[in-house]
Amino acid sequence: MPAYHSIFLQDQDVRVIGNFALLPLRTRTRGPAYTLPTLPPSTSDLEIDPDSESYDPLDEVLSLFRANTFFRNFEIKGPADRLLIYGILFVSECLGKIKPSMGKKDAEKALLNTALDQFAIPGDASFPLNQAFEAPNDRQDAETMRQYLSQVRQELAMRLLARVYADGNTPSKWWLSFSKRKFMGKSL
């Protein structure tokens, strides 16, 4: 059975830095991403339809996380798949920071610190997937990519927190069961 690929692969007119797509996001975090419309009041963040105009790559990361973590290999079919891979690796890192005894406030602090920590981008020596990602062409592209990835990390951390703590102040055992899995044998 093959891994699940991004539905955003067919999107045209997407800005690409190196070979990494800077896709639009539904976010309140400042950054270079084009902002998608907010969800209608009757729609939950946890149950957004992929056909909705507000569905973004971060929704896709969270919905495909479980299925794709079971694959050791992932054939990259385009720039949108690289964003999916990066998001899955970041979610794995976040789940490793949440302990079963953590309350929601402590987990929020840990995840936001993780999202805001210094991180490597493609082309940096410490970036784990340099063989699959091209480095930005110049310093300006590198800074734009860093800002975009920071925006992705912050928004993904908050959406993951909402899912892990959907039932209150104790983390979901289902989500925490994936805290030790490594996608493609890698971590950020």
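The values are calculated or read from the model by the stated rules, or taken from the named source; none is laboratory data. Bear in mind the structure is a predicted one, so any value in this text is a computation, not a measurement. In this analysis, Cβ positions are derived from the backbone assuming ideal geometry, glycine residues included, and neighbour counts consider all displayed protein chains. Keep in mind that these areas ignore ligands, DNA and RNA; they rest on the heavy atoms of the full protein, side chains included. Shrake-Rupley method; radii C 1.70, N 1.55, O 1.52, S 1.80 Å.
Computed values, structure above
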{"read-out": "Filtered residues of the range 63-102 (kept if open to solvent by 10 Å² or more (accessible area, probe 1.4 Å) and assigned to a helix (DSSP H, G or I))", "value": "63, 64, 66, 67, 79, 82, 92, 93, 96, 97"}
{"read-out": "Any hit, the range 99-114, residues being of a type in the set (S, T, N, Q), more than 16 Å from the chain's Cα centre (by Cα) and over 19 Å from residue 133 (Cβ atoms)", "value": "yes"}
{"read-out": "Subset tally (residues that are part of a loop (DSSP other than H, G, I, E, B) and acidic (Asp, Glu)) for the range 16-58", "value": "4"}
{"read-out": "Test: residue in the range 5-13 that is small (Gly, Ala, Ser) and within 13 Å of the chain's Cα centre (by Cα)", "value": "yes"}
{"read-out": "Leading residue by the ranking (nearest to residue 88 (Cα to Cα)) among those in the range 142-156 that are surrounded by 16 or more Cβ atoms within 10 Å (Cβ to Cβ) and among the charged types (D, E, K, R)", "value": "153"}
{"read-out": "Qualifying positions in the range 108-126 - under 26 Å from residue 78 (Cα atoms) and surrounded by fewer than 17 Cβ atoms within 10 Å (Cβ to Cβ)", "value": "120, 123, 124, 125, 126"}
{"read-out": "Residue check, residue 105 over 21 Å from residue 6 (Cα atoms) and surrounded by fewer than 16 Cβ atoms within 10 Å (Cβ to Cβ)", "value": "yes"}
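The rows are residues; the columns are (1) touching a residue at least 60 places away in the same chain (Cβ under 8 Å); (2) touching a Pro at 6+ places or on another chain (Cβ under 9 Å).
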site	(1), (2)
35	no, yes
39	no, no
43	no, no
48	no, no
56	no, yes
63	no, yes
67	yes, no
71	yes, yes
